[in-house]
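Here the structure comes first, spelled out in structure tokens, and everything after it is commentary.
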Amino acid sequence: MFLIIRFIQNATDIYSMILVAFALLSWFPNAYNTQLGKFLETLCKPILEPLKRLPLQIAGLDFSVWIALILLRMISRYLINLLVVL
């Protein structure tokens, strides 16, 4: 049981870092056109695409990555709590 919980925590941490790296690419011109940018985009697009449909852009800032991080942490905590109860 401990290994499954640890796996969920590690997977959440790694994907959180991937989302942050994807967001940081917006600071550099043409960074999304590099191999790293395309790779990160393929990893992040399935999660961020539904969130981009919501009105999360305020004053020119896109908060979809931030909301994705919060949702990812909430789902991770829910799964861990569910496993602890079992």
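The values are calculated or read from the model by the stated rules, or taken from the named source; none is laboratory data. All of these numbers come straight from a predicted model, not from anything done at the bench. Don't worry about glycine lacking a Cβ; one is built from the backbone with ideal geometry, like all the others, and counts go over all protein chains shown. Accessible surface is based on the protein model in full, side chains and every heavy atom, while ligands, DNA and RNA are left aside. Shrake-Rupley method; radii C 1.70, N 1.55, O 1.52, S 1.80 Å.
Please give the length that would be gained between Tyr78 and Asp62 if that part of the chain were fully extended, namely 0.36 nm times their separation in residues minus their C-alpha to C-alpha distance (nm, one decimal).
Additional length available on full extension: 3.2 nm.
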Surface accessible to a 1.4 Å probe, per residue, for the residues of the chain, Å²
76
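Could you list the trypsin sites (Lys or Arg not before Pro) in segment 34-74 that lie in coil according to DSSP, counting only those with at most 10 other Cβ atoms within 10 Å of their Cβ?
Passing sites in segment 34-74 are Arg53.
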Once the Cα atoms of helix 35-52 and of the chain are each reduced to a long axis, what angle between those two axes, in degrees from 0 to 90 to the nearest 10, is obtained?
70
Over segment 8-86, what percent of the accessible surface lies on carbon and sulfur atoms, probe 1.4 Å?
71
Calculate the all-directions average of the projected area of segment 1-85's alpha-carbon convex hull, and give it in nm².
6.4
